[in-house]
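The values are calculated or read from the model by the stated rules, or taken from the named source; none is laboratory data. Predicted, not measured: the structure shown is a model, and the values here were computed from it. When we count neighbours, we look across all protein chains shown, and the Cβ atoms used for this are built from the backbone with ideal geometry, even at glycine. Please note that ligands, DNA and RNA were not included when accessible areas were found on the heavy atoms of the full protein model with its side chains. Shrake-Rupley method; radii C 1.70, N 1.55, O 1.52, S 1.80 Å.
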Amino acid sequence: MAFPDGTEHLLTCAEMGRADRHAIDGGVPGATLMAAAGAAVATAIRRRYRPRPVLVLAGPGNNGGDGWVVVRDLADHGWDVRVAALGDPAALKGDAAWARTLWTGPVESARPEALDGAGLVVDALFGAGLARDLDGVAADTVAGLAARVAAGTTLSVAVDVPSGVDGDTGRVRGVAAPADLTVTFFRRKPGHLLMPGRALCGSVRVADIGIPASALDAIAPAATVDAPALWRDAVGGRRTSDHKYRRGHVVVVGGPMSGAARLALAAARRSGVGLATAAVPPGAVALFAGDAPGAIVREVDGADGLARLLGDPRYSAVVVGPGLGGPDFGGNGARGLVEAALAAGRPVLLDADGLNAFAGAAEDLARQISAATVLTPHEGEFKRLFPDIDPAALGKLAAARAAASAVGATVLLKGADSVIAAPDGRAAIAENAPPTLATAGSGDVLAGLIGGLLARGVPAFEAAAAGAWIHGEAGRAAGVSVLAEDIVGHIGPVVERRSPVPRNLLFRGLFGDGG
């Protein structure tokens with residue numbers, strides 16, 4: 001699928017295999033690719049670490065072939081290096097068999113005892129395409145490596161991924177040892193960004209091994225890293241001739257838990273939207289008006305009242321869910337509010353109780369979606385809404401895609417490794433969310449921010465991706481002791497810091513030139 005120029009594609013294991021084949025079919029020998037991969041790993045080691053005793057764990061396939069190249073390279077540069085092979089090296093085939101011939105020194109058997117005395121271990125047992133759980137001596141050896149890493153007696157450098165990490169899902173297949181450095185090739189895989197794989201990879205370096213960029217055109221990857229290049233053009237910029245009515249008008253539906261909706265409202269106003277209205281239950285007008293003097297506050301009595309409000313075509317997007325507080329809001333229920341918002345035919349952001357209102361009824365929700373819609377569930381809300389889609393079984397990326405396809409909406413499955421998935425199969429993985437975002441109200445801020453972008457006319461997928469990235473950067477800027485209110489306060493400065501243009505043209509640098 002086509003992404004804007006400058007985006008960082010992520011390749012599944014199958015797609016990486018196609019990239020290799022594209023290069024080979026184009027005249028690059030497989031042995032040349034393997035030699036370049038092994039040399040890249042060895043070079044990264046020599047640049048990052050001082051010489052020390054090294055053990056290379058060489059597996060039975062092409063990942064092990066890369067390892068044999070590393071052994072030869074480090075030895076040629078005077079390093080004290082040993083190699084321990086998993087299985088019989090004489091049984092290697094293809095390019096891996098060629099790489100094995102580069103080493104004429106002694107070969108040990110891969111087992112936990114071989115790790116003794118190694119200050120650095122090159123984990124070249126299994127690559128990203130491992131299709132089964134590690135077991136037997138392989139599992140014992142990796143477990144032994146993990147124990148030594150935890151004890152601080154050795155460091156691990158992984159070839160492609162730490163052995164045991166699934167390159168497509170980031171899940172651990174049996175056991176995996178944390179790497180200090182992972183060297184992968186051509187492009188990263190989803191498992192480098194998805195947890196727990198991301199935490200196990202340490203620093204990740206992507207090496208150019210001679211696969212031409214034209215491979216991406218042949219593959220048309222459907223996943224990318226969430227970064228400004230993905231959504232900058234879609235978000236656009238401010239024009240000198242702009243006025244507030246051209247910048248969109250977002251409605252944030254409030255409920256009994258007013259703090260959540262007030263946070264969403266504040267974030268929506270920071271999105272660059274022209275106007276923001278809080279639609280609140282009877283008796284809450286004074287609270288919202290006093291908290292946000294720049295916002296418009298309208299009293300809305302349940303779903304019927306919201307429907308009447310949204311009959312005004314000047315409202316361009318609706319945020320429903322933060323602070324609704326369960327099924328009894330306004331006597332019509334949270335579900336009635338969601339249905340009223342969807343029936344208005346405007347872009348809608350559903351979060352929290354807006355999602356819980358349809359627990360186990362995703363098909364009912366799908367039937368009512370008629371305009372651009374973004375769902376922002378955390379894991380618990382996702383499970384309630386989509387009980388038949390299991391992220392633990394499918395992997396987070398595949399689960400988000402399945403959910404987006406099922407309801408015809410963009411799904412942002414939140415977490416340290418948030419996944420944004422569109423109904424057409426496009427997906428992005430965020431990698432910039434700091435752990436400090438795990439604080440009450442953080443999700444409400446994200447909901448409001450995306451809702452504001454929707455109101456500005458940004459397409460659902462790009463609005464969700466932009467919101468997730470800006471949210472992560474604002475969390476980082478807020479420091480180590482973060483309140484949700486702090487995140488709101490850093491949205492503007494984050495955008496301004498990325499912009500090389502004067503303040504009066506804010507958003508043009510990060511969000512494009514605006515025309």
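Observations on the model:
- Cβ-Cβ under 6 Å pairs, at least 6 apart or on other chains, segment 459-471 side over 10 Å from residue 227 (Cα atoms), far side aromatic (Phe, Trp, Tyr) and assigned to a helix (DSSP H, G or I): 462/231
- The residue of segment 419-436 that is nearest to the chain's Cα centre (by Cα), among those that are crowded, with 20+ Cβ neighbours inside 10 Å and not in a loop (DSSP other than H, G, I, E, B), is 429.
- For the residues 307, 289, 276, the requirement of being aliphatic (A, V, I, L, M) and crowded, with 19+ Cβ neighbours inside 10 Å singles out 276.
- In segment 324-353, the residues that are modelled with pLDDT of 95 or more and open to solvent by less than 10 Å² (accessible area, probe 1.4 Å): 337, 338, 341, 342, 348, 349, 350, 351
- Among the conditions (1) in a loop (DSSP other than H, G, I, E, B); (2) free of Cβ contacts under 8 Å to residues at least 40 places away in the same chain; (3) in contact with a Gly (Cβ under 8 Å, 6 or more places away or on another chain), residue 283 misses just one, which is (3).
- Flag for residue 395 being within 20 Å of the chain's Cα centre (by Cα), surrounded by 17 or more Cβ atoms within 10 Å (Cβ to Cβ) and at pLDDT 95 or above: yes
- The single condition among (1) open to solvent by less than 10 Å² (accessible area, probe 1.4 Å); (2) under 34 Å from the mean Cα position of the chain (by Cα); (3) not aliphatic (A, V, I, L, M) that residue 316 does not meet is (1).
- Residue within segment 225-245 that is modelled with pLDDT of 95 or more and of a type in the set (Asp, Glu) present: yes
- For segment 399-409, the criterion of being open to solvent by less than 10 Å² (accessible area, probe 1.4 Å) and within 12 Å of the chain's Cα centre (by Cα) is satisfied by at least one residue.
- Selection of segment 52-62 for residues being closer than 23 Å to residue 117 by Cα and either over 36 Å from the mean Cα position of the chain (by Cα) or open to solvent by less than 50 Å² (accessible area, probe 1.4 Å) (or both) yields 53, 54, 55, 56, 57, 58, 59.
- When 6, 30 are screened for being closer than 14 Å to residue 217 by Cα, surrounded by fewer than 18 Cβ atoms within 10 Å (Cβ to Cβ), small (Gly, Ala, Ser) and touching a residue at least 60 places away in the same chain (Cβ under 8 Å), only 6 passes.
- Criterion violated by residue 11 - all others in (1) within 30 Å of residue 421 (Cα to Cα); (2) aliphatic (A, V, I, L, M); (3) surrounded by 15 or more Cβ atoms within 10 Å (Cβ to Cβ); (4) out of contact with any Pro (no Cβ under 9 Å at 6 or more places or on another chain) satisfied: (4)
- A count restricted to segment 70-88 and to residues that are open to solvent by less than 60 Å² (accessible area, probe 1.4 Å) and part of a helix (DSSP H, G or I) stands at 5.
- Filtering 494, 488 for residues that are open to solvent by less than 50 Å² (accessible area, probe 1.4 Å), within 19 Å of residue 420 (Cβ to Cβ) and in contact with a helix residue (DSSP H, G or I) (Cβ under 6 Å, 6 or more places away or on another chain) leaves a single hit, 494.
- Residue check for residue 74: closer than 18 Å to residue 47 by Cβ, modelled with pLDDT of 95 or more and not small (Gly, Ala, Ser): yes
- Search result, residues across segment 89-104 that are open to solvent by less than 70 Å² (accessible area, probe 1.4 Å) and part of a helix (DSSP H, G or I): 89, 91, 94, 95, 96, 97, 99, 100
- One residue from 157, 142 being within 24 Å of the chain's Cα centre (by Cα), modelled with pLDDT of 95 or more and under 28 Å from residue 223 (Cβ atoms): 157
- Every condition in (1) open to solvent by 10 Å² or more (accessible area, probe 1.4 Å); (2) more than 26 Å from residue 259 (Cβ to Cβ) holds for residue 414 except the one numbered (2).
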